[in-house]
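The values are calculated or read from the model by the stated rules, or taken from the named source; none is laboratory data. Remember, it's a predicted structure, so these values are computed and weren't measured experimentally. Cβ atoms come from the backbone with ideal geometry, glycine included; neighbour counts cover every protein chain shown.
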Number of protein chains: 2
Amino acid sequence: MPRPAVPRDLDAFFDANARRLRAGLDDFLRIPSVSAKAEHAADVARAAEWLARELTAVGVPAEVIGTAGHPIVLAEWRDAGPDAPTVLIYGHYDVQPAEPLELWTSPAFEPTERDGKLFARGAVDDKGQLWLHVKALEAHLTVRGRLPVNVIVLAEGEEEVGSEHLAQFIAEHAERLRADAVVISDSAMFAPGIPSILFALRGLAYFQLDVQGPVSDLHSGMYGGAVVNPAMALARILATFHDADGRVAIPGFYADVREWGTRERDSLRGLPFDEERFRAGVGAPALGGEAGRTVLERLWARPTCEVNGLLSGYTGEGAKTVLPAKAMAKVSCRLVPDQTPADIEAKLAAHIAAVAPPGVTVTVTHLHGGMPWKAELAGPAFDAAERALEAAFGRAPVCTGEGGSIPVVGDFQRLLGAPVVLMGFGLPGENAHAPDEWIAIENVEKGMRACATFLEFVAQAR
Amino acid sequence: MPRPAVPRDLDAFFDANARRLRAGLDDFLRIPSVSAKAEHAADVARAAEWLARELTAVGVPAEVIGTAGHPIVLAEWRDAGPDAPTVLIYGHYDVQPAEPLELWTSPAFEPTERDGKLFARGAVDDKGQLWLHVKALEAHLTVRGRLPVNVIVLAEGEEEVGSEHLAQFIAEHAERLRADAVVISDSAMFAPGIPSILFALRGLAYFQLDVQGPVSDLHSGMYGGAVVNPAMALARILATFHDADGRVAIPGFYADVREWGTRERDSLRGLPFDEERFRAGVGAPALGGEAGRTVLERLWARPTCEVNGLLSGYTGEGAKTVLPAKAMAKVSCRLVPDQTPADIEAKLAAHIAAVAPPGVTVTVTHLHGGMPWKAELAGPAFDAAERALEAAFGRAPVCTGEGGSIPVVGDFQRLLGAPVVLMGFGLPGENAHAPDEWIAIENVEKGMRACATFLEFVAQAR
């Protein structure tokens, strides 16, 4: 198969309009659409209006739909006909707060180019990446007067505050949002010059463990040795969570773990990843984790059980001889398909009940959960993304995972039943939630081309 | 051997003077000699002067000796001659703060009798008990014009704030304080009607463990599974401190533990102790500790290793997905003879070095320590105390231990080389450091007799 290419007419459009297109992005980035801060509510609304006008002007009629929180922008172009596939493009137009402002080299809401990077709050997360898709639509509609597929653009203004109203919106508009594929550009490439498809996200099951011993704190001299110490009991319980090989030892924990297939494992092995450099970046004397697995497997393909917090007794300066009445741990498990938070909660609770010593009462509270997600490395949408990225970047993309969670991905897959393709154009060190956020200019140029070519290849796959 | 008896002339003195003696105690208790509060410094000095005048009036010339803190009262009567034994009576005339004042049924510094108890701050800890000895001296000197032994009274005003200047005072005046026995009444009887000699005090070695992993907190999704979690590492380290039988599993921990002898163990078995009532008082669902030992053995005869505090990562409401950079535990060991804080520190540090996982750095800091102490249940002073208590209370005393520490006891034994007899007249629930502190009137009456008879029997033992 010959190397795929960006269609010449689209490529020429991006060449010819580069300066104008970038000016539009700057306008978008200048709106301080900080969803977390009440004083920016009007700015968030202004960004939604700006985006809807832009989409409509491009030729994809858009409306701004209110929610109980910030509005959703919904745009549709359905003239490809009932037999053509429908692609849903998701992004978010809200941004993280810019504080601390004094750590920005140039003002957060004044887009500035330096060293091949465009600096601004939202440059990569996610206004800049959402804008790549808008410009891809503009290229098709300007050059050819039509899109190769039916397109829905769904942009929310609450991603940085938990997407509180999105799942309900999707559920209520499931018919209207029905699509053959969802494409999201809100992630990072593995490294510069290496286009990436993010195909695995871990889920989460977050618990609080409360261990109660005596009814009140006791003097450790007067009572120590005859009363079960809740802090020690907690430590002994936590120590049963892993075996000597770093595997989670909660019975049944791995029962529903789907091992990665050959292609998925191969995609990991092909990545240029330096474990020693990773260790040095973390600053720990050595790395750890499940024996017999690489660092990337441990981070992307394997579930975990971590302690996120500990509290008991006296924690101030010096010595206080207290036998604490209680001890608390925050414990969370990162999950992989097909683990579920509910099942892991049941297994954790059963394990704790089995290992907790007499003399204490242990309560397990489930605080927060999210489903893991993994895409098939196959299918028309995946193939189209893979070929479009190769066309735009001149090399085949790698497939990557991410240790954290993006709950909205699972929502789309669950509520719409459509495959989700995560095709991101950020880079490591992009400061997505920190001062001096940036996106590489090269990735802006190539990203627009990849997004435009993606639509073309989705249409051809039919 | 016939049951020992309080000498008739001394007994008659206490009967005849009961009201007058009690009035003197009330005067002593009215002085708010709170050593912890700067605003009471003059009251502390006034109490020292009051006590010195009282001792001198009784016939034991006393002086008030300044220290860098509160003064020491030193009184001496040495007319029993060079061949007679010398008894050093130690007590303290300072008291705990009385706050919260609103929880006192009657004012803290207005001694009040109710239900056979005398309520006041210092009634039992330790003005009241010190006063028993002063009145014992008065009985001898009034009735007979002499004491049966040479006597030194040493009363400090800093016991409730750590006896900061006492050890140095004892060391500097070792020649003058040389004695054949030290007697201290600053403890409690096992139960009402059961006179008690406290013969075992545990020591202490208190540590802080700091576990450092990565240089800063990490996102538990992005890094979890490949980086050693310091909180989990700490839990795994703490879990190695005991075996399944509740024994401390730090290698060599029991190497220097002197097992109690037959008589000591028998003294424990004879005590009317209800383990279920103890458990109910603690409020825990079950008791714990070293297998094959009774609760009283665990509390008095056996060393422990306890967690006094835990802190790591996120401890607030809800969920935060942090992989903590560090974790801290306060850990303390209660020691029994012949364990020492320095040796236990070395063994703990070596054990931690052996079990700590790679990927974290563990620091052990020794915060505080104190030597354990145990008296021989034999010798002239012990025999005299045992018989004097039987004479005063009508039944042989029991021998008890105490899980906590009284550092001054070890100081006397170490610096003066004299056996220490702890003959206390408090009772469980006496509120020594709480509102409504009290001493039983019955124990005041019998305690004076016991103290006077003790001096008599020490003299006879020669």
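Looking only at region B:291-315, how many residues end up being out of contact with any Leu (no Cβ under 9 Å at 6 or more places or on another chain) and more than 7 Å from chain A (Cβ to nearest Cβ)?
Going through region B:291-315 one residue at a time, the tally reaches 3.
Quick test for you: out of A:288, A:318, pick the one residue that is in a loop (DSSP other than H, G, I, E, B) and in the same structural domain as residue A:235 (by TED's automatic domain parsing). Write out each step before concluding.
Numbers: A:288 fails: in the same structural domain as residue A:235 (by TED's automatic domain parsing).
Just a single option satisfies the conditions, and that option is A:318.
Give region A:439-452 a look and list any residue that's part of a strand (DSSP E or B) and buried (at least 24 other Cβ atoms within 10 Å of the Cβ), or say none. Please lay out each step first, then the result.
Of the residues in region A:439-452, the ones part of a strand (DSSP E or B) are A:439-440.
Result: A:439, single match.
In this structure, is residue A:318 small (Gly, Ala, Ser), farther than 18 Å from residue A:365 by Cβ and crowded, with 18+ Cβ neighbours inside 10 Å?
On the way: small (Gly, Ala, Ser): yes; farther than 18 Å from residue A:365 by Cβ: yes; crowded, with 18+ Cβ neighbours inside 10 Å: no.
No, not satisfied.
Can you confirm whether residue A:280 is small (Gly, Ala, Ser) and in the same structural domain as residue A:351 (by TED's automatic domain parsing)? It would help to see each step written out before you state the result.
Details: small (Gly, Ala, Ser): yes; in the same structural domain as residue A:351 (by TED's automatic domain parsing): no.
No; evaluated as a whole, the condition is false for this residue.
More than 30 Å from residue B:225 (Cβ to Cβ) and within 9 Å of chain A (Cβ to nearest Cβ): is that true of residue B:395 in this structure?
On the way: more than 30 Å from residue B:225 (Cβ to Cβ): yes; within 9 Å of chain A (Cβ to nearest Cβ): no.
Here the answer is no, as residue B:395 does not meet what is asked.
Please enumerate the residues belonging to region B:325-352 that are in contact with a strand residue (DSSP E or B) (Cβ under 6 Å, 6 or more places away or on another chain), crowded, with 24+ Cβ neighbours inside 10 Å and more than 7 Å from chain A (Cβ to nearest Cβ). Break it down into steps so the answer makes sense when it comes.
Taking region B:325-352 and keeping what is in contact with a strand residue (DSSP E or B) (Cβ under 6 Å, 6 or more places away or on another chain), we get B:326-335, B:337, B:341, B:344-345, B:349, B:352.
Checking which are crowded, with 24+ Cβ neighbours inside 10 Å leaves us with B:327, B:329-335, B:344.
B:329, B:331, B:333, B:335, B:344, listed by residue number.
Inspect all residues belonging to region A:152-166 and state whether any of them is assigned by TED's automatic domain parsing to the domain that holds residue A:41, in a loop (DSSP other than H, G, I, E, B) and surrounded by 24 or more Cβ atoms within 10 Å (Cβ to Cβ). Show your work before the answer.
As a first pass, look at region A:152-166 and keep what is assigned by TED's automatic domain parsing to the domain that holds residue A:41: A:152-166.
Within this subset, residues satisfying the condition of being in a loop (DSSP other than H, G, I, E, B) are A:157-158, A:162-165.
Going one step further and asking which of them are surrounded by 24 or more Cβ atoms within 10 Å (Cβ to Cβ), we end up with A:157.
Taking every residue of region A:152-166 in turn, at least one turns out to be assigned by TED's automatic domain parsing to the domain that holds residue A:41, in a loop (DSSP other than H, G, I, E, B) and surrounded by 24 or more Cβ atoms within 10 Å (Cβ to Cβ).
Go through A:266, A:256, A:243, A:274 for me and flag whichever is among the acidic types (Asp, Glu), more than 8 Å from chain B (Cβ to nearest Cβ) and touching an Asp or Glu at 6+ places or on another chain (Cβ under 7 Å).
Values: A:266 fails: touching an Asp or Glu at 6+ places or on another chain (Cβ under 7 Å); A:243 fails: touching an Asp or Glu at 6+ places or on another chain (Cβ under 7 Å); A:274 fails: touching an Asp or Glu at 6+ places or on another chain (Cβ under 7 Å).
After ruling out the rest, the residue left standing is A:256.
Can you name the residue in region A:24-48 that is of a type in the set (Gly, Ala, Ser) and surrounded by fewer than 20 Cβ atoms within 10 Å (Cβ to Cβ) and, of all such residues, is nearest to the chain's Cα centre (by Cα)? Spell out the reasoning first.
Keep residues of region A:24-48 that are of a type in the set (Gly, Ala, Ser), which gives A:24, A:33, A:35-36, A:38, A:41-42, A:45, A:47-48.
In the following step, the residues that additionally are surrounded by fewer than 20 Cβ atoms within 10 Å (Cβ to Cβ) were identified as A:24, A:36, A:38, A:41-42, A:45.
Numbers: A:24: 26, A:36: 18, A:38: 24, A:41: 24, A:42: 26, A:45: 24 Å.
For region A:24-48, the residue satisfying everything is A:36.
Please tell me if residue A:232 is out of contact with any strand residue (DSSP E or B) (no Cβ under 7 Å at 6 or more places or on another chain) and either outside the structural domain of residue A:357 (by TED's automatic domain parsing) or not in a loop (DSSP other than H, G, I, E, B) (or both). Give the derivation first.
Working: out of contact with any strand residue (DSSP E or B) (no Cβ under 7 Å at 6 or more places or on another chain): no; either outside the structural domain of residue A:357 (by TED's automatic domain parsing) or not in a loop (DSSP other than H, G, I, E, B) (or both): yes.
In short, no.
So which pairs qualify, if the first residue must be in region A:15-33 and outside any loop (DSSP other than H, G, I, E, B), the second must be basic (Lys, Arg), the Cβ gap must be under 8 Å, and the two must be at least 6 apart or on different chains?
The qualifying pairs are A:21/A:135; A:24/A:135; A:25/A:127; A:28/A:127; A:29/A:121; A:29/A:127.
Please go through region B:209-229 and give me each residue that is out of contact with any Asp or Glu (no Cβ under 9 Å at 6 or more places or on another chain) and more than 21 Å from residue B:367 (Cα to Cα), ordered by number.
Across region B:209-229, the qualifying residues are B:213, B:214, B:215, B:216, B:217, B:218, B:219, B:223, B:227, B:228.
Quick one: count up the residues across region A:54-105 that are free of Cβ contacts under 8 Å to residues at least 24 places away in the same chain and among the hydroxyl-bearing types (Ser, Thr, Tyr).
Selection size over region A:54-105: 1.
Look at region B:51-72 and say how many of its residues are more than 20 Å from residue B:413 (Cα to Cα) and crowded, with 20+ Cβ neighbours inside 10 Å.
Within region B:51-72, the subset more than 20 Å from residue B:413 (Cα to Cα) is B:51-71.
Then keep just the ones that are crowded, with 20+ Cβ neighbours inside 10 Å; that gives B:51-52, B:54-55, B:58, B:60, B:62, B:70-71.
Total satisfying the criteria: 9.
From the list A:185, A:163, pick out the single residue that is farther than 30 Å from residue B:332 by Cβ and in contact with a strand residue (DSSP E or B) (Cβ under 6 Å, 6 or more places away or on another chain). Please lay out each step first, then the result.
Working: A:163 fails: in contact with a strand residue (DSSP E or B) (Cβ under 6 Å, 6 or more places away or on another chain).
Answer to the check: A:185.
Given the options A:367, A:422, A:377, name the one that is away from every other protein chain (no Cβ under 14 Å) and in a strand (DSSP E or B). Full working, then the answer.
Working: A:367 fails: away from every other protein chain (no Cβ under 14 Å); A:377 fails: in a strand (DSSP E or B).
Among A:367, A:422, A:377, only A:422 is away from every other protein chain (no Cβ under 14 Å) and in a strand (DSSP E or B).
Restricting to region A:410-429, name every residue that is surrounded by 23 or more Cβ atoms within 10 Å (Cβ to Cβ) and within 22 Å of residue A:389 (Cα to Cα).
A:420, A:421, A:422, A:423, A:424, A:425, A:426
Table: residues versus (1) in a helix (DSSP H, G or I); (2) aromatic (Phe, Trp, Tyr); (3) in contact with a Phe, Trp or Tyr (Cβ under 8 Å, 6 or more places away or on another chain); (4) buried (at least 23 other Cβ atoms within 10 Å of the Cβ).
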| site | (1), (2), (3), (4) |
| --- | --- |
| A:121 | no, no, yes, yes |
| A:125 | no, no, no, yes |
| A:133 | yes, no, no, yes |
| A:136 | yes, no, yes, yes |
| A:139 | yes, no, yes, yes |
| A:147 | no, no, yes, yes |
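Taking the criterion of being within 9 Å of another protein chain (Cβ to nearest Cβ), in a loop (DSSP other than H, G, I, E, B), buried (at least 24 other Cβ atoms within 10 Å of the Cβ) and touching a Lys or Arg at 6+ places or on another chain (Cβ under 8 Å), would at least one residue in region A:202-224 satisfy it?
Yes - at least one qualifying residue is present in region A:202-224.
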